[in-house]
Every structure is written in structure tokens, then in C-alpha cells.
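Below: the structure, in C-alpha cells.
No lab work stands behind these numbers, since they all come straight from the coordinates. Worth saying up front: this structure is predicted, and the values here are computed from it rather than measured. Reconstructed Cβ throughout: ideal geometry from the backbone, glycine too, with neighbour counts over all protein chains shown.
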Amino acid sequence: MAGIAPKRSVAPAARGQRFAVVVARFNEPISKKLLDGALAALANHAVSGDLVEVHWVPGSFELPQAALTLARSRRFAGVVCVGVVIKGATPHFDYVCSVAAHGIARAGLDTGVPVTFGVITALTEEQAWERAGGVVGNRGEEAALAALEMAEWLRRQRRHRGKR
């Protein structure tokens, strides 16, 4: 995704629902900015305090397992995953990015709970900072907004299905 994600409006129905944010500790200063963006987006939609749980994991490779566990608990309307993977001199970057992306997607698909991808996959540290609240936006904020929007979309689908 290049550039800043388009803003979406989230219906007030997200209020009162619980969300989890899973944060990869690797590259922690940048991950913290992603967490800040996610928490601000949730708070701007009346989801804060006891309605949000933050869970730290060692790195982006571990995000899918934590997300799947939290989604399976059925305690959350959505799970937001944030982390940072910066390319080094070895193919390790490719493996971590692939596992994180596929695992996070699988957690959502397997549980039916929105599990969103706020993981920066950057070639340089500068690119990562640009995506953690810099000129390209904040991927943590975008992932939280996606979780809010999908939680509301699923709520409407379930309500519509019940009217048949």
C-alpha cells in the first residue's frame, strides 16, 4: 500500500465493543508509535480504557499466534496487529513478512473476527518512521480504523441475516 490510506467513517456502533492490540516488541520505538496511532484511532471512536487490551509479543513473527489466541477467545470485536520488519542483508525479512501477513490473515479468516494488519515492512528504518506517524501516515491508526470498520460491517451482516 503506497501513500496514506483513505479515511473511512466508522459508525458509532463500535462504541462499547472491546478490541485488542497486539504489538511486536522488535523495533520497539517505531512499534510504540504504531501503538499510539492505533490507540488514538480507537479512542476517537469511543473505544478506550477497559475496552482495549494491549498485548506485547517478541516480534512480528509472533503476531499471528497471539492474534489467533485473542480472536478465538471471542472477547473482542477486533484484533489489531502492529509491528515493524526492516529489511537486512539476509532473506530473514522475507520469511518474517510472509509468516506475519499470512498468519494474521488466517487468524481473521479462521475465527470470523476482524484481525487487521498494521505491520510495516520497510526497506529502511527511514521508511518505517515515515509509516509510523510520518509523512506517509500511521499504519497502526489505519489498522485500528480497519478493525473498527470491519467489526461494524460484520455486526450489520449478522443483524441482516437475523431478519430473514
Tell me, His55, His45 in order of fewest to most beta-carbon neighbours within 10 Å?
His55, His45
I need the trypsin sites (Lys or Arg not before Pro) found in the range 46-103, filtered to DSSP loop residues with at most 13 other beta carbons within 10 Å of theirs.
Arg74, Arg75
Below 14 angstrom from the Cβ of Arg72, what's the summed charge of the other residues (Lys, Arg +1; Asp, Glu -1)?
+2
Per DSSP H run of n ≥ 4, the term is -39500 (n - 2.57); total these for the chain, divide by its residue number, and report the mean residue ellipticity at 222 nm rounded to 500 deg cm²/dmol.
-15000 deg cm²/dmol
Ranked on Cβ counts within 10 Å of their own Cβ, fewest leading, Thr121, Thr111, Thr90 go Thr90, Thr111, Thr121
Quick one: pull the percentage of alpha-carbon pairs in the chain with a separation above 28 Å.
17 percent
